[in-house]
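Trainee: Encoded as structure tokens, here's the structure I'll be asking about.
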Amino acid sequence: MAENSNRGELVDKVVNIRRCAAVVKGGRRFSFSALVVVGDGQGKVGWGYGKANEVPPAVEKAVKDGSTNLVRIPLEGATIPHTVKGRYGAAHVILVPAGPGTGVIAGAAVRAVCEACGINDILTKSFGSNNPLNLVKATIGALASVRSRREVERLRGVSLS
């Protein structure tokens, strides 16, 4: 379920769509929830969750939610500067930088985040829960903790040449 489309300069990828059924007098009434990852392909990424009675409005709400809380990720070419770990709930994710031409080695949820962010070469491994929402949150949390070389030099007050 990796549908994508362009809205302005942002790219959105549908990670998961869930159907919920409420039993009422006339039968079952269905509602849908959508988990969407939104990014600009140049280091900004966010996630959104939307609920509606039909799929397209749920995706639309999720895209709107995701585009309001974008996180900036410092990239080094087409990968990340260093290895980083992320955790949310029982979902654990490890992201390892990879050489050019490696591609995105990741499962569906982590892959959506990496591609929306603009990362083209990365190795990932997820442990624990395989819940897509928790994996997306863990991945974005890990990417948010990435520090560029310049930022580390500034924080430590040294020059790492």
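Trainee: Percent of accessible area on the chain owned by carbon and sulfur, 1.4 Å probe?
Mentor: Here it works out to 50 percent.
Trainee: Using r as the Cβ-Cβ distance of residue 159 and residue 94, and R0 as 30 Å, what FRET efficiency do you calculate, to the nearest 0.05? Let's see the in-between values first.
Mentor: Working: r = 29 Å, r/R0 = 0.98.
Approximately 0.55, to the nearest 0.05.
Trainee: Largest first and in whole Å, give the semi-axes of the chain's equivalent ellipsoid, each being the square root of 5 times a Cα gyration tensor eigenvalue.
Mentor: On the way: eigenvalues 218, 50, 36 Å².
Over the Cα atoms of the chain, the ellipsoid semi-axes are 33, 16, 13 Å.
Trainee: Sticking with this one: Is the shape of the range 62-141 rounded, prolate or oblate, going by the alpha carbon gyration tensor and its root eigenvalues a ≥ b ≥ c, with a/c under 1.5 for rounded and a/b larger than b/c for prolate?
Mentor: Working: a/c = 1.77, a/b = 1.19, b/c = 1.49.
Because a/c hits 1.5 or more and a/b fails to exceed b/c, the range 62-141 counts as oblate.
Trainee: Can you give the FRET efficiency for residue 22 and residue 108, using 1/(1 + (r/R0)^6), R0 = 25 Å, r = Cβ-Cβ distance, to the nearest 0.05?
Mentor: Between residue 22 and residue 108 the formula returns 0.35.
Trainee: For the chain, what is the calculated [θ] at 222 nm in deg cm²/dmol (nearest 500), taking -39500 (n - 2.57) for each run of four or more DSSP H residues and dividing by its residue count?
Mentor: -8500 deg cm²/dmol
Trainee: Same structure again: Compute the accessible area per residue over the range 33-161, keeping the other protein chains in place, probe 1.4 Å, unit Å². Walk me through the intermediate numbers first.
Mentor: Details: 6530 Å² over 129 residues.
On a per-residue basis, the range 33-161 sits at 51 Å².
Trainee: Calculate the spin-label point distance for residue 54 paired with residue 129, positioning each point 7 Å from the Cα along the beta-carbon direction, and give it in nanometres.
Mentor: Going by the 7 Å Cα→Cβ label model, 3.2 nm.
Trainee: Ok, one more. Starting at 0 and stepping by 5 Å, how many percent of the alpha carbon pairs of the range 116-161 end up in each bin?
Mentor: Once binned at 5 Å, the Cα pair distances of the range 116-161 give 4, 15, 20, 20, 14, 13, 8, 5, 1.
Trainee: Same structure again: Treating the angle as unsigned and between 0 and 90°, give the value, to the nearest 10°, between the Cα long axis of helix 108-117 and the longest Cα principal axis of the chain.
Mentor: The angle comes out near 60 degrees.
The values are calculated or read from the model by the stated rules, or taken from the named source; none is laboratory data. Just so you know, these numbers come straight off a predicted model, no measurement behind them. Glycine also receives a Cβ, built like all others from the backbone with ideal geometry; neighbour counts cover every protein chain displayed. To get the accessible areas, we keep the full protein, side chains included, count just its heavy atoms, and leave off ligands, DNA and RNA. Shrake-Rupley method; radii C 1.70, N 1.55, O 1.52, S 1.80 Å.
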